[in-house]
Amino acid sequence: MFTGLIREVAKVEQFSNGELKIKSKLKPKIGDSIAVNGVCLTVTKLFDGGFYLNVASETRSIVDDSKFKGEVHIEPAMQMGDRFEGHIVQGHVDCVGEVIKIVSHGNGIDYYIKVPKEQIKYIVPKGSIAVDGVSLTVNEVFDDSFRLTIIPHTLENTLIKNYKTGTKVNIETDMFARYIEHILTRKDASKKGLSWEEVDAISMSF
């Protein structure tokens, strides 16, 4: 589990045959989970000044290879007792979005990002979203895109400042929106959806 708060902008030294070599100040252990541009990956080897991670074929079928080149956002997985900030991020990318418009104004910059239409139902105004692993708040939702307002602090400390029209970005929608949609549409043996009473009972069991 992650929070969507970027701890470092690291550099990819090599990416081939599903193996990612990252130069970083982070000192993980083999087996640790690291989010790279919002993708949860496992540390497989260490070297002086960085580490290697494995990128599964399933991940590569969803994520654009450009997200494993150059500079990347890095966040280690949360540990028990860590202060919780940002929002709950699993590191499971739902889709790749595309920056379609950038509008600068007085106290920030608006980024309009297009996503597959089937993902829009999981994106809620004033809800949370992770873009390349960065925890952000959605300002406005359209038929196949959404708008974010990025403040100067976030721009200074992430790679969002380098985004241009056409930039591909990893998108992880809100976990709770996905879970609720799954619960409401899941069919039981009689092919009927769950009632609100059943949904409430399930939620109370956690």
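The values are calculated or read from the model by the stated rules, or taken from the named source; none is laboratory data. Computed from a predicted structure; not experimentally measured. Please note: Cβ atoms are built from the backbone with ideal geometry, for glycine as well, and neighbour counts cover all protein chains shown.
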Region 141-154, subset of a type outside the set (Val, Ile, Thr) and within 17 Å of the chain's Cα centre (by Cα), residue surrounded by the fewest Cβ atoms within 10 Å (Cβ to Cβ): 147
Residue pairs meeting the criteria (Cβ under 7 Å; at least 6 apart or on separate chains; first in the same structural domain as residue 156 (by TED's automatic domain parsing), in region 108-119; second assigned to a strand (DSSP E or B) and basic (Lys, Arg)): 110/147; 112/101; 112/147
Considering residues of region 117-140 that are of a type in the set (S, T, N, Q) and more than 13 Å from the chain's Cα centre (by Cα) only, the residue surrounded by the fewest Cβ atoms within 10 Å (Cβ to Cβ): 139
Of all residues in region 9-59 being acidic (Asp, Glu) and in contact with a strand residue (DSSP E or B) (Cβ under 7 Å, 6 or more places away or on another chain), the one that is farthest from residue 93 (Cα to Cα): 13
Verdict on residue 66 being more than 25 Å from residue 162 (Cα to Cα) and surrounded by fewer than 13 Cβ atoms within 10 Å (Cβ to Cβ): no
Residues (at positive phi and at pLDDT 95 or above) located in region 51-93: 70
Those residues of region 44-75 which are among the β-branched types (Val, Ile, Thr) and within 22 Å of residue 134 (Cα to Cα), in sequence order: 55, 59, 62, 63, 72, 74
Matching option when the condition is under 29 Å from residue 152 (Cβ atoms), of a type in the set (Val, Ile, Thr), surrounded by 13 or more Cβ atoms within 10 Å (Cβ to Cβ) and modelled with pLDDT of 95 or more, among 96, 103: 96
Check on residue 168, within 28 Å of residue 34 (Cα to Cα), at pLDDT 90 or above, touching a helix residue (DSSP H, G or I) at 6+ places or on another chain (Cβ under 8 Å) and basic (Lys, Arg): yes
